[in-house]
Amino acid sequence: MADFFSDENNRVVAESPTKPSARSLTTHTVCGEISRVVFENDDGTYSVLRLVDNQGVEHTIVGGFSGVYEGQSMEATGYWEQHREFGRQLKASSFRFILPSTKEGITRYLASGIISGIGPKLAKCIVDFFGDRTLEILDHYPARLKEIPGIGKKRVGQIRIAWQEQAARRDIFIFLQGLGISPLYCQKIYRIYGDAAPAVVKENPYRLAEDVDGIGFLMADRIAGALGIQTNDAARLKAGADYTMKQLVQLGHCCYPADGFVAKCAETLRVEPPEAARGVSAAIEQRLLIAADEMVYSSALFKLENELPELIYRLAVAANHHGRRLGRTALPTNIKFSREQLSAVELIGNYPLSIITGGPGVGKTTVVGEIVRRALAAKIKFSLAAPTGRAAKRMAESTGCPARTIHRLLKWDPGRGGFVYNQLHHLPCQLLIVDEVSMLDLVLATALFRAIEPGTTVVLVGDADQLPSVGPGTILHSFLGSGFFAVTHLNNIFRQGEGSNIIVNAHRINQGTMPVPAETGNRNLSDFYWLRQDDPEKTLQLILKMVCERIPRRFGLNPTRDIQVLTPMNRGLCGTHSLNQRLQEALNPGPKPQFKIGERIFRAGDKVMQTSNNYDKNVFNGDMGRIGEIDYENKRFKVFFDDAQVAEYDFAEADQITLSYAVTVHKSQGSEFSAVVMPLLTQHYMMLQRNLLYTGVTRARRLLVLIGSGKAVGIATRNARLEPRFSRLAERLLKLRVG
């Protein structure tokens, strides 16, 4: 076992930049083509570029250039300064994008996706033939494209029309890019506003955050700053209040205390609280926000939080429910059930609403299997569902019956913009079993319970000790304490006797006790290993070796299909951004068909995850799959998801997916993987919580490799403090029950 875990010592030396000298007081303008984007921070507020001017001289330009890319031509104005370490550089105070003039720049411009029907290969052919006169030819003599071998009359006609349409947009795109908007978002903006885009952006750039997918308040605020809009502008204050609430919702809150909310808005907007309060009032006046019970809500979540308790009450008071027939259907079986397991099955016959909860290995799956077995015998029409595709697949495998994601159970109708099954058209089932309900958020829970007909028996299954849902709310905990559900807590660990150290250590962690690693020197393979390390660089190298070499060699697992890296954070050397880049290079290197969006590269065969619900494509947040065919000509690509769903995307829609060789523990909820590699370092301090470590460990089915220091694991194991999630759902449920 020593050869499996041994690692070399590595060192990384970080150097701090020296302070720059005083800059020149005279402004200068440099015009040329971006040859390299040296650095661009996450929020686009600082970039370092190499720009080659018309004389072929390369300059270093620094400033806030959002959405820049190599091959772009730009004009930057600013002050020269002499940096002690990096030399002479222009600190830009303003800039604008212009059309390219060199062959290389024109090639990249045409291949960037800005002209429909022209991909990298065709762009090179055109520019190779016409050289630096290419743009002039396209403007005035497009019929000459027929002179290029292999380009027929039909293709020339398509390119001429596309170029004419683009020429009409050219000034608009240059204006938008001059505000720091990337070509990807320029296309999105033009698609929505058309020729009116400049007028809309000038009048109220904060509309972009509401109307354009992917543009949030921060990007809109940078655009507003470029247009000279003041920090206390009424539109900015209102948009900032709305954005602040959306950020809090992303943290899981359904609402937020009014006083604290104003303070949060002031922090977001960088204004004094009275100014922030003015923005909050404006948002409330326009019904973007709702003030109630000393809390502030988004208008949508306020409606849902009031609606869901009514839906639960309607089901709970139904005079009859179909689950009663289960209690009269006891069948012979060779499975031995514990008293609490049998109690869980019997409660379903007595109550229309039930919850079965407990940790890993306590028999939840066995209980669900028995409920399904009795339902089949009693000829009760039932449906099985879970929040994610992987959880639904696991449910189907364990029961032998079809299971679907909740979204696909409810069936989205793109034409109507809503689910087929809703409060007016109920699900055609008499018994509904939903697994992994710890993942249910307020939005999905309300949509689900709208679609359930009174008289249906509902069984919810989940682990209350896992991380809460990614979306807003505390649904499972609110339901457990509501009194509307018959609750069974399963505690007896059945899989402990099978030698599963994953199960044993998961329960140890959940009880606040340190996990116990496999014995050193034991030649028998274990399913739980803990490699002690706290240096981020060494941990990164260890992860790469585990995923790419050691686990596949010793356990016979496929590094891409079977092994999943789970990490607490997105940022840092051992965060998802860094790990995905390194794992992509190791597991799916070029040359392969690929395309680039910003600084992100996607290749055919890449492991990816959907990061938002796309109802039109029938794919949802957390769905995982692989990139298939990449169509350069039409700027499209396909993703084959794990549940056999195939979705086609425009390159402009690539912001909906992300590489998923490594994902956060939060994003892994509801999924199981054959093997999990999980770093847990002291640099993850802000995320070191018991439920995060517990959730990560319980995602592993055959193998868990934990890489972290005793200090980091100890902090996480002891830290049972839960960050508060503000919601009034529990109080609203209680009020209905006692009222």
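Computed from the coordinates by the stated procedures, all read-outs in this text should not be read as laboratory data. Remember, it's a predicted structure, so these values are computed and weren't measured experimentally. Using ideal geometry, Cβ is built from the backbone for each residue, glycine included, and neighbour counts are taken over all protein chains shown.
Summary table
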{"item": "The chain - convex hull of alpha carbons, volume per residue in Å³", "result": "190 Å³"}
{"item": "FRET efficiency estimate (nearest 0.05) - Cβ-Cβ, PHE640 to ALA730, R0 56 angstrom", "result": "0.85"}
{"item": "Value of D in µm² per second that Stokes-Einstein yields for segment 296-429, Kirkwood Rh from Cα pairs, at 10 °C (1.306 mPa s)", "result": "93 µm²/s"}
{"item": "Calculated diffusion of segment 471-577, Stokes-Einstein form, Kirkwood radius summed over Cα pairs, 37 °C and 0.692 mPa s, µm²/s", "result": "188 µm²/s"}
{"item": "Amide H partners (placed H, <5 Å) of ARG404, local residues excluded", "result": "LEU384, ALA385, ALA386"}
{"item": "Fully extended contour minus Cα-Cα distance, from ALA318 to THR682, at 0.36 nm per residue", "result": "125.9 nm"}
{"item": "Formal net charge of residues neighbouring LEU693 (Cβ-Cβ distance under 12 Å; K, R +1; D, E -1)", "result": "+3"}
{"item": "Computed lengthening from ARG600 to VAL516, 0.36 nm per intervening residue step minus Cα-Cα distance", "result": "26.3 nm"}
{"item": "The chain, helix-only ellipticity at 222 nm - DSSP H runs n ≥ 4, -39,500 (n - 2.57), divided by all residues, nearest 500", "result": "-11000 deg cm²/dmol"}
{"item": "Distance-filtered residues of segment 176-216 - backbone nitrogen under 15 Å, label point 7 angstrom along TYR79 Cα→Cβ", "result": "none"}
{"item": "Computed label-point distance, nm, for sites SER709 and LEU525 using a 7 Å Cα→Cβ extension", "result": "3.2 nm"}
{"item": "In segment 206-356, lysine pairs with alpha-carbon atoms under 16 angstrom apart (chain gap of 8 or more, or interchain)", "result": "4"}
{"item": "Two-decimal log10 I(q)/I(0) for segment 115-210, as the Debye equation yields it once each C-alpha is a single scatterer, q = 0.13, 0.19 Å⁻¹", "result": "-0.54, -0.90"}
{"item": "Two-site label geometry, ASN334 and ALA292: point separation in nm, points 7 Å out along Cα→Cβ", "result": "5.6 nm"}
{"item": "Set of lysines with alpha-carbon distance to LYS91 below 22 Å, sequence-local pairs under 8 removed", "result": "LYS19"}
{"item": "Mean projected area in nm² (Cα convex hull; one quarter of hull surface) for segment 528-671", "result": "9.3 nm²"}
{"item": "Between segment 626-672 and segment 223-299, the Cα center-to-center distance that results, in Å", "result": "33 Å"}
{"item": "Separation in nanometres of the label points that stand 7 Å from Cα toward Cβ, at SER299 and GLU136", "result": "5.6 nm"}
{"item": "Additional length obtainable on full extension of the chain from VAL38 to ASN492, 0.36 nm per residue less Cα span", "result": "157.8 nm"}
{"item": "Inter-centroid distance (Cα atoms) of segment 683-712 relative to segment 544-577, Å", "result": "14 Å"}
{"item": "Lysine pair number, Cα distance threshold 28 Å (strictly under), segment 607-739, separation 8 or more or different chains", "result": "9"}
{"item": "Extreme residue, positive dipole direction of the chain, given options THR268, VAL437, THR474 (C-beta unit charges)", "result": "VAL437"}
{"item": "For peptides 302-311, 239-248, sequence by mean Cβ density within 10 Å, most packed first", "result": "239-248, 302-311"}
{"item": "Whichever aspartates and glutamates have a C-alpha closer than 14 Å to that of LYS188, once near sequence neighbours (fewer than 8 apart) are set aside", "result": "GLU210, ASP211, ASP213, ASP650, GLU653, ASP655"}
{"item": "Size of segment 402-543 as Cα extents on the principal axes (Å, biggest first)", "result": "63, 37, 29"}
{"item": "Calculated over segment 652-733: convex hull of Cα atoms, volume per residue (Å³)", "result": "162 Å³"}
{"item": "Net charge contributed by nearby residues that have their C-beta within less than 10 Å of ALA76 (K/R +1, D/E -1)", "result": "+1"}
{"item": "Whole-angstrom Cα spans of segment 117-169 along principal axes, big to small", "result": "27, 24, 20"}
{"item": "Local net charge near ILE34, Cβ-Cβ under 15 Å (Lys/Arg +1, Asp/Glu -1)", "result": "-3"}
{"item": "Positive-end extreme of charge dipole, the chain - chosen from VAL200, LEU704, CYS255 (charges on Cβ)", "result": "LEU704"}
{"item": "Modelled FRET efficiency - R0 45 Å, SER93 with ARG718, Cβ distances, 0.05 increments", "result": "0.35"}
{"item": "Burial order of peptide ranges 400-408, 719-727 (average beta-carbon count within 10 Å, highest first)", "result": "400-408, 719-727"}
